[in-house]
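To keep things clear, I will list the structure first and then write my remarks on it.
What follows is calculated from the coordinates using simple rules that are stated; it is not laboratory data. Not measured: the values here are computed from a predicted model. Every residue, glycine as well, gets a Cβ built from its backbone with ideal geometry; the counts of neighbours run over all protein chains shown.
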């Protein structure tokens, strides 16, 4: 994953919405959604909760 994808994943794990993540990282919500799709594909998951579990298990958060 790219550094920015890790940033997005950490904020997802913190429970932020796409809009909140966008504001925090100074991105558009659509860009956040694009990062999430890429994260899901790379991790082989299809939900925020599964991505969060991966982040927790791999000490990314």
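Between residue 34 and residue 1, the contour length at 0.36 nm per residue exceeds the alpha carbon distance by 10.6 nm. Using just its DSSP H runs of length 4 or more, each adding -39500 (n - 2.57), the chain gives a mean residue ellipticity at 222 nm of -22000 deg cm²/dmol after division by all residues. Judged by the mean number of other Cβ atoms found within 10 Å, the most tightly packed of the peptides 25-34, 40-49 leads the ranking 25-34, 40-49.
Helix 29-43 and the longest principal axis of the C-alpha atoms of the chain enclose an angle of approximately 10°.
Modelled spin labels at residue 59 and residue 14, positioned 7 Å past Cα toward Cβ, are 2.1 nm from each other. In this entry, region 3-57 is assigned a mean projected area of 3.2 nm², taken as a quarter of its C-alpha convex hull surface.
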